[in-house]
1. Report yes if some residue within segment 40-49 is surrounded by 15 or more Cβ atoms within 10 Å (Cβ to Cβ), at pLDDT 90 or above and assigned to a helix (DSSP H, G or I); otherwise report no.
2. Here's a check for you: in segment 144-161, which residue that is of a type in the set (A, V, I, L, M) and more than 16 Å from the chain's Cα centre (by Cα) is surrounded by the most Cβ atoms within 10 Å (Cβ to Cβ)?
3. Looking at (1) at pLDDT 90 or above; (2) of a type in the set (V, I, T); (3) surrounded by fewer than 19 Cβ atoms within 10 Å (Cβ to Cβ), which one does V113 not meet, given that it meets all the others?
4. Looking at V155, is it more than 25 Å from F68 (Cα to Cα), of a type in the set (V, I, T), in contact with a His (Cβ under 9 Å, 6 or more places away or on another chain) and free of Cβ contacts under 8 Å to residues at least 60 places away in the same chain?
5. Out of all the residues in segment 64-75, which are outside any loop (DSSP other than H, G, I, E, B) and surrounded by fewer than 16 Cβ atoms within 10 Å (Cβ to Cβ)?
6. Go through segment 87-105 and count every residue that is closer than 15 Å to L141 by Cβ and in contact with a helix residue (DSSP H, G or I) (Cβ under 6 Å, 6 or more places away or on another chain).
7. Within segment 126-218, considering only helices (runs of 4 or more DSSP H) that don't extend past its boundaries, which have at least 1 residues that are over 20 Å from I108 (Cβ atoms) and modelled with pLDDT under 95?
8. For segment 77-122, name all the residues that are among the charged types (D, E, K, R) and either closer than 20 Å to V56 by Cα or under 16 Å from the mean Cα position of the chain (by Cα) (or both).
Amino acid sequence: MAAGTQRPTPSTEPGPGPRPRSNAPGAAWLEAARTWLIRSPLTPNMISLAGFTLNVVAAVLIWQTEFFWGGVVFIVGSIMDTLDGGYSRMSGKGTPFGAFLDSTLDRIVEGIVLTAVAATFADRQDELAVAAVVVAVLSSLTVSYTRARAEALGVQCKVGIADRLVRVVILSAGLVLADLGALEPAVYVLAGLSSITVAQRIFHVRRELTRSAAGVTP
């Protein structure tokens, strides 16, 4: 062997080889369920309307002071409200109108359920709690509006401490635990956090638009 020439050292690293198959339990069942859902006549709009209907039922139960069962139905309806988006993406059945309908029904649901809560406070002549519900409704609607308006201006606006999921959790806890006196504090917390979120989004959009006008990249 010539001087300065090294014999190549056999590599001890394993070659790429065939890619191992996934043996995740239930993977085949999940794929079969996904295929069935895609081929089924079920549409995201049906899920949205089912969730809306359940939330209307929840509002009626709350109006009848059946807070626990109203809270349970509200939770189930809210879960369905979150499933329609995922199903839309997974099945490929989503449409622009479906996205519009989903967002619109979400806003209506918040108003209906909180109106039922306000009615129960009005029956008790609890004016402060009724006022808190009004603030919660206005703030919740404004939280959604600020995001939509910001995105129309080209600004992503998902900031804030009280998005829809947080608001649903707070109200659900207040309803389910209403017999323990949790509903009124939950409404105050909801009104406060929603108002803070509105302010956070306003300042966020102002900052982003100012940066854009100045040509500053975030």
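The values are calculated or read from the model by the stated rules, or taken from the named source; none is laboratory data. For clarity, every value in this text was computed on a predicted model and none was experimentally measured. Cβ coordinates were reconstructed from backbone atoms using ideal geometry, including for glycine residues, and neighbour counts include every protein chain displayed.
1. Yes, the conditions are met somewhere in segment 40-49.
2. Step by step, filter segment 144-161, then rank; the result is A150.
3. So the condition that V113 fails would be (3).
4. For V155, the condition - more than 25 Å from F68 (Cα to Cα), of a type in the set (V, I, T), in contact with a His (Cβ under 9 Å, 6 or more places away or on another chain) and free of Cβ contacts under 8 Å to residues at least 60 places away in the same chain - is met.
5. F68, W69
6. Total meeting the criteria: 1.
7. Output list reads 127-152, 183-214.
8. Residues satisfying the conditions are D81, D84, R89, D102, D106, R107, E110.
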